[in-house]
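Below: one structure, written as structure tokens.
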């Protein structure tokens with residue numbers, strides 16, 4: 001069993017009569033990219049703030065690196081790098097100068113070599129002398145990740161790191177996260193509204209809704225429990241439809257458009273359906289599965 005990095009037990013946080021988080025429990029293991037999902041108001045940011053000791057929980061227990069957060073705050077925070085909402089910088093200073101200032105504020109001994117290494121790692125080499133005020137939103141997000149990595153933390157917590165980014169910016173952040181996991185052996189907690197990104201990079205996840213945990217576990221195992229909705233583009237849709245009804249009478253299959261069959265089936269049946277079409281001279285031009293995580297997420301939160 002991998003080492004447990006985060007253990008949250010029965011966590012609750014109330015603001016007066018508002019129950020922002022209620023009896024939430026989850027575990028994060030060493031090497032995880034852990035997806036932290038939920039609609040607006042689900043309690044994601046509140047939970048992250050409690051984990052970083054920015055606010056005090058109403059009840060519950062939090063342990064990180066095998067130690068209680070209450071009794072070991074300084075030790076635990078020294079091993080964490082984070083971005084909460086969006087990183088903020090002195091816009092009239094250069095990227096390098098900003099990182100030098102934040103390194104001093106943190107109290108960690110960070111060399112100039114380390115600062116340049118992190119600037120290069122996040123893809124900002126050549127722009128380190130430029131004022132941050134001239135940076136795009138995506139560049140500021142990457143600089144924020146460089147800031148979070150300065151002291152070489154074991155755990156990285158990123159709260160909505162792709163908010164407001166264009167598709168290229170989202171891909172850049174995704175690749176950085178995968179590099180942190182695969183090349184630098186970091187454990188990452190990633191809060192995001194972009195479900196397709198979580199599906200691509202996370203190995204485990206928890207889904208919050210109305211302050212409560214509604215699902216937790218391996219992304220693959222949770223999604224494999226669900227039936228897939230798959231679109232087959234074929235040259236003989238009527239014939240393909242009849243083949244499905246004859247061979248797989250229990251499957252839901254409808255014509256969607258001129259040459260598209262939309263089929264609801266288990267994961268294991270998809271290659272069998274494809275083979276059935278090919279064996280009966282039905283040409284398959286395209287197979288498109290719907291986003292599994294999106295369907296699962298919407299089913300769980302009831303929308």
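FYI, it's all coordinate maths here, none of it is from the lab. Note that the coordinates shown come from a computational prediction; the quantities given were computed from them, not determined experimentally. Here the Cβ positions follow ideal geometry from the backbone for every residue, glycine too, while neighbour counts run over all protein chains shown.
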Cα→Cβ-extended label distance, 7 Å offset, between residue 179 and residue 238, nm: 5.6
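By how many nm would the segment from residue 246 to residue 131 grow when fully extended, if each residue of separation counts as 0.36 nm and the alpha-carbon distance is taken off? Write out the running numbers ahead of the final one.
Working: separation 115, 0.36 × 115 = 41.40 nm, distance 6.67 nm.
Roughly 34.7 nm would be gained on extension.
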Folded to 0 to 90 degrees: helix 237-247 orientation relative to the chain principal axis, Cα: 90
The stretch 139-201 versus the stretch 45-68: alpha-carbon centroid distance in Å: 21
The chain - percent relative contact order, Cα under 8 Å, separation 6 or more: 20
Selected from 240, 202, 95 as most flexible by GNM, with the chain as the system and alpha-carbon contacts under 10 Å: 240
Cβ-Cβ FRET estimate between residue 111 and residue 15, R0 fixed at 41 Å, reported to 0.05: 0.45
Principal-axis tilt of helix 167-182 within the chain, Cα atoms, nearest 10 degrees: 70
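Could you sort 119-128, 253-262 so that the peptide with the highest average Cβ count within 10 Å comes first and the rest follow in order?
Working: 119-128: 16.5, 253-262: 14.5.
Per-residue Cβ counts within 10 Å, averaged per peptide and sorted highest first, yield 119-128, 253-262.
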Solution diffusion estimate, µm²/s, Stokes-Einstein, the stretch 165-226, Kirkwood Rh from C-alpha pairs, 25 °C, viscosity 0.890 mPa s: 190
Per-residue [θ]222 nm for the chain (sum of -39500 (n - 2.57) over DSSP H runs n ≥ 4, rounded to 500): -10500 deg cm²/dmol
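How much FRET efficiency would the formula 1/(1 + (r/R0)^6) give for residue 75 and residue 101, where r is the Cβ-Cβ distance and R0 is 22 Å, rounded to 0.05?
Working: r = 24 Å, r/R0 = 1.09.
With R0 = 22 Å, the Cβ-Cβ based efficiency is 0.35.
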Helix 95-106 axis, angle to the chain major axis (alpha carbon atoms, nearest 10°): 70
Label-to-label distance, nm, for residues given as residue 4 and residue 272 (7 Å Cα→Cβ offset): 4.0
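Could you tell me the calculated FRET efficiency between residue 154 and residue 218, based on Cβ-Cβ distance and R0 = 22 angstrom, to the nearest 0.05? Display every interim value, and only then the final one.
Values: r = 22 Å, r/R0 = 0.99.
Result of the calculation: an efficiency of 0.50.
When a/c is below 1.5 the answer is rounded, else prolate if a/b is larger than b/c, else oblate, so apply that to the stretch 170-303 with a ≥ b ≥ c taken from the square roots of the Cα gyration tensor eigenvalues.
Numbers: a/c = 2.75, a/b = 1.96, b/c = 1.40.
Taking the square roots of the gyration eigenvalues as a ≥ b ≥ c, the stretch 170-303 is prolate.
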